[in-house]
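The values are calculated or read from the model by the stated rules, or taken from the named source; none is laboratory data. Bear in mind the structure is a predicted one, so any value in this text is a computation, not a measurement. For neighbour counting, all protein chains shown are included, and Cβ atoms are generated from backbone atoms with ideal geometry for every residue, glycine included.
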Amino acid sequence: MNELSTYLIVAAILFSMGLLGLLQRRNLIGMLISIELMLNGASLNFMAFNRFLAPEPAVGQIVTLFIMGLAAAEAAIGLSIILALFRRMHSINVERAQQLRG
Amino acid sequence: MASIFLQDPILPAVALGTGLPFLAMALILIFTRHNPRLSSRISIGAISVAVVSAVYLLVKLHAATAPIQYQTAWLLSDTLTVPFGYLLDPLSLTMLMIVACISFLVQIYSLGYMAGDPGFSRYYAFQSLFAWAMMNMVIAPSMLQLFIFWELVGLASYLLIGFYYEKWSASQAGKKAFVMTRVGDVGFFLGIILLTLGFGNLGIIDINEAARSGSMSSLLITVSGLLIFCGVIGKSAQFPLLTWLPDAMEGPTPVSALLHSATMVAAGVYMFSRIFPFFAASPDAMAFALFIGTVTMLLASTMAMVTYDLKQVWAYSTVSQLGFMVMALAAGGYFAGVFHLTTHAGFKALLFLCSGIFIHHYHTNDMRVIGKSGGRRLVIPIACMTVGALALSGLFPFSGFFSKEAILGVLAGHPNKIWLAAGLLGALMTAYYSFRLIFFILFPAGGIEEKAGHAHHEDIHGHEAHEGDHGFTFWLMVIPVMILAGITLVLGFFQSSFEHFLVGAGVDAHAGEGGHGAGHYVLLVAAVSMALLGILGAWIEFGRKGAAQQGFLSKFPRVWELFARRWFMDDFFRRSLDRFVYGGLTSIFTRNDRRVIDGGIDGLCFFTIAGGRLFSFLQSGMLQYNLLVMIGAVGVIILYFLI
């Protein structure tokens with residue numbers, strides 16, 4: 001049970017759920033949460049590979065920390081964009097934001 | 001190629017003399033446009049240096065036995081070398097002298113004539129441009145350099161004709177002159193190209209040498225000679241292209257004196273004499289030139305007999321005298337042609353400058369009005385103008401007598417006597433129309449109309465009063481005129497030494513020069529009596545007391561109209577322009593423009609717009625569709641790398 005493939009499968013499930021959510025949700029907050037899920041899936045991959053294939057160097061952990069920082073920054077920017085959009089549209093539904101339709 | 005030593009003072013003298021006017025033009029246009037006094041001083045200073053260097057070169061080289069040539073390679077291409085430099089032989093030295101001196105005198109004169117004109121600086125800049133281009137053309141050692149400066153001279157002419165560009169007719173005349181001379185220049189350029197292809201060298205000395213020794217095929221000489229002669233037709237206003245010159249009188253009068261009578265229009269004749277041995281090697285080209293020259297001379301004389309415009313008369317007379325020079329050269333009289341060019345430059349500049357004084361004074365070009373307002377009271381100008389008219393008619397002891405005599409001598413030596421008869425007829429008409437003008441001013445019908453009051457008072461005092469009024473500017477104009485009159489008076493007596501200088505110094509002693517001799521005396525009497533007959537005719541019709549001042553031509557209104565409308569040549573050009581250029585060529589180009597170019601661009605725009613419409617369907621504006629496509633693409637890339 002305590003194998004690499006288990007972690008990879010869990011990470012893949014996390015990533016796929018995130019992707020599905022990202023494509024399917026119309027709520028911008030929901031999309032943002034889905035992106036977090038995808039990032040977590042990726043982090044889990046890094047941690048698992050680090051743990052099983054290269055125990056000594058902590059590169060995978062550093063990348064994971066990096067991804068967490070990235071996620072924080074992304075959430076800040078994403079939320080502010082959502083806030084700006086809400087002020088303009090009074091909605092956070094992406095279907096309402098279609099001004100760029102050709 | 002005889003290259004000369006650098007320590008020799010000739011090179012700096014030439015460079016200084018012919019380069020400074022360009023510098024003057026640049027200085028005036030860039031720095032001193034708003035300071036007319038300084039501009040005129042710069043320009044006159046430059047031309048003075050040119051005069052000094054021309055005199056120096058003439059004195060230093062008058063005994064030189066061989067032409068002095070200096071050139072450096074300018075353009076190199078495979079087998080063709082285009083040199084740049086100068087060629088000094090008696091012909092170019094003479095012409096250099098004429099150009100420098102008359103430019104100098106005209107620039108001095110213009111100080112008075114153009115005083116107070118808003119374009120004063122511009123005027124002097126263009127004058128310098130002209131002087132530079134003309135002198136460089138004169139000393140050109142190769143046909144290509146000659147052609148380049150030939151075109152620059154045309155540019156100066158265009159700028160100066162259209163000097164009063166606010167005036168519609170002036171700007172039109174400038175364009176007309178430019179386009180019409182360009183028609184001839186196309187032929188000239190084709191001739192040069194043909195010569196380059198067929199002979200491979202454009203050096204004037206080489207061309208002449210090859211033509212003389214017969215190493216050039218006669219077909220090449222004839223064809224390229226005829227093409228090059230087109231340039232002469234355009235520039236020197238010969239038969240089909242002569243109507244631009246009378247229109248060019250829209251420019252300021254000093255410009256007409258310098259460019260459109262004395263020097264620039266003589267450039268065609270100069271070029272003809274420059275490669276005279278080349279032309280002389282082709283009898284067909286010479287016969288054609290003789291025909292064109294004769295037709296030009298006679299046509300222009302008839303036109304001069306009916307116009308009332310002072311400057312127009314002299315313009316037609318210039319055309320006619322240029323035709324006369326071409327006749328002389330084409331009949332084999334190298335010396336006669338060049339001598340007439342020299343004397344004509346003097347007395348025609350004189351005539352124009354005198355007319356300029358009248359025009360400046362009375363603000364009209366109409367000779368009848370000038371006569372009625374008392375033109376003869378300007379004693380010095382009218383006296384000088386009479387001197388010029390006598391020279392133009394070819395009467396002893398004025399310079400025109402000698403040169404005209406020389407030309408008629410050459411024509412008499414020609415086997416076909418028709419040309420001699422035409423020459424004598426031309427002399428008759430020349431005397432008639434010149435003295436028609438003189439008598440109009442001297443003896444106006446019904447006397448001088450006295451103006452009332454103040455003007456009357458002024459008129460009583462005559463020219464002294466005017467001189468007092470105008471003072472300095474008047475003398476600025478009169479002194480160059482008097483100098484030119486003096487030159488006209490004495491130049492003829494230097495004929496033999498000039499002939500020795502020009503022909504004896506080894507340029508080309510051509511047969512036919514001494515062909516007369518026995519018939520010379522008869523010819524002299526014939527020519528002078530023709531001139532006197534012309535003057536007598538003018539006297540009977542315009543000069544004597546109670547003369548009708550109508551002229552015998554007014555009895556034939558049809559003929560009068562024919563002459564006055566320049567033998568309908570302008571109408572012919574207009575008509576053919578409308579039919580062939582606007583109706584034929586231009587309509588094709590218009591259609592090409594509308595259909596092909598406009599249509600092509602419209603089509604391009606249409607396809608761009610349609611393509612944009614098509615692609616805009618991809619822009620759904622839905623964020624997640626874009627995302628889906630992106631992820632799908634990434635998936636495809638992954639699949640591609642995995643498999």
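Among the listed residues B:G234, B:G225, B:G174, which satisfies the condition of being surrounded by 17 or more Cβ atoms within 10 Å (Cβ to Cβ) and out of contact with any Leu (no Cβ under 8 Å at 6 or more places or on another chain)? Give the steps one after another, and end with the answer.
Numbers: B:G234 fails: out of contact with any Leu (no Cβ under 8 Å at 6 or more places or on another chain); B:G174 fails: out of contact with any Leu (no Cβ under 8 Å at 6 or more places or on another chain).
Unique residue meeting the criteria: B:G225.
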Item to complete: Go over the candidates B:V313, B:V295, B:V306 one by one and state the one that is farther than 25 Å from B:L227 by Cα and surrounded by fewer than 24 Cβ atoms within 10 Å (Cβ to Cβ).
Response: B:V306
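Any residue in segment B:563-583 that is within 30 Å of B:L242 (Cβ to Cβ), more than 14 Å from chain A (Cβ to nearest Cβ), of a type in the set (A, V, I, L, M) and free of Cβ contacts under 8 Å to residues at least 12 places away in the same chain? Step through it out loud before you land on a result.
Residues of segment B:563-583 within 30 Å of B:L242 (Cβ to Cβ): B:563-583.
Checking which are more than 14 Å from chain A (Cβ to nearest Cβ) leaves us with B:563-583.
Within this subset, residues satisfying the condition of being of a type in the set (A, V, I, L, M) are B:564, B:569, B:577, B:581.
Narrowing further to those that are free of Cβ contacts under 8 Å to residues at least 12 places away in the same chain: B:577, B:581.
Checking segment B:563-583: at least one residue is within 30 Å of B:L242 (Cβ to Cβ), more than 14 Å from chain A (Cβ to nearest Cβ), of a type in the set (A, V, I, L, M) and free of Cβ contacts under 8 Å to residues at least 12 places away in the same chain.
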Worksheet item: Can you list the helices (runs of 4 or more DSSP H) found entirely within segment B:547-609 that contain at least 3 residues being under 18 Å from B:L298 (Cα atoms), in contact with a Gly (Cβ under 7 Å, 6 or more places away or on another chain) and of a type outside the set (F, W, Y)?
Response: none
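Identify the residue in segment B:512-545 that is of a type in the set (G, A, S) and at pLDDT below 70 and, among all such residues, is surrounded by the most Cβ atoms within 10 Å (Cβ to Cβ). Quick ask: steps written out before the conclusion?
Residues of segment B:512-545 that are of a type in the set (G, A, S), as a first pass: B:512, B:514-515, B:517-519, B:526-527, B:529, B:531, B:534, B:537-538, B:543.
This time we only want the ones that are at pLDDT below 70, so: B:512, B:514-515, B:517-519.
On the way: B:G512: 19, B:G514: 11, B:G515: 17, B:G517: 10, B:A518: 7, B:G519: 14.
That would be B:G512.
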Worksheet item: Where residues in segment B:631-643 are more than 23 Å from A:L28 (Cβ to Cβ) and among the β-branched types (V, I, T), which of them is farthest from the other protein chains (Cβ to nearest Cβ)?
Response: B:I643
Discussion item. Among the listed residues B:T386, B:T296, B:T307, B:T302, identify the single one that is β-branched (V, I, T), within 13 Å of B:V269 (Cβ to Cβ) and touching a residue at least 24 places away in the same chain (Cβ under 8 Å).
Written reply: B:T296
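Conditions (1) within 26 Å of B:V106 (Cα to Cα); (2) in contact (Cβ under 8 Å) with a residue 24 or more places away in the chain, marked per residue:
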site: B:D8; (1), (2): no, no
site: B:A15; (1), (2): yes, no
site: B:L23; (1), (2): yes, no
site: B:V51; (1), (2): yes, yes
site: B:A73; (1), (2): no, no
Worksheet item: Does segment B:40-61 contain at least one residue that is among the aromatic types (F, W, Y) and assigned to a helix (DSSP H, G or I)?
Response: yes
Practice prompt. Given the conditions (1) part of a helix (DSSP H, G or I); (2) within 14 Å of chain B (Cβ to nearest Cβ); (3) free of Cβ contacts under 8 Å to residues at least 12 places away in the same chain, report the number of the one that A:I82 does not fulfil.
Written response: (3)
Practice prompt. Would you point out which residue out of B:S157, B:S171 is touching a residue at least 60 places away in the same chain (Cβ under 8 Å), closer than 30 Å to B:D117 by Cα and either part of a helix (DSSP H, G or I) or of a type in the set (K, R) (or both)?
Written response: B:S157
Discussion item. Going through A:L100, A:L32 one at a time, which residue ends up being within 14 Å of another protein chain (Cβ to nearest Cβ), among the hydrophobic types (A, V, I, L, M, F, W, C) and part of a loop (DSSP other than H, G, I, E, B)?
Written reply: A:L100
Discussion item. I want to confirm something. Restricting to segment B:370-386 and keeping residues that are surrounded by fewer than 22 Cβ atoms within 10 Å (Cβ to Cβ) and modelled with pLDDT of 85 or more, which single residue is nearest to B:E499 (Cα to Cα)?
Written reply: B:T386
Practice prompt. Can you tell me which residue within segment B:618-630, out of those that are facing another protein chain (nearest Cβ under 7 Å) and not in a loop (DSSP other than H, G, I, E, B), is farthest from A:M31 (Cα to Cα)?
Written response: B:L628
Practice prompt. Would you check which residues across segment B:584-617 are more than 14 Å from chain A (Cβ to nearest Cβ) and of a type in the set (S, T, Y) and list them?
Written response: B:T586, B:S587, B:T590, B:T608
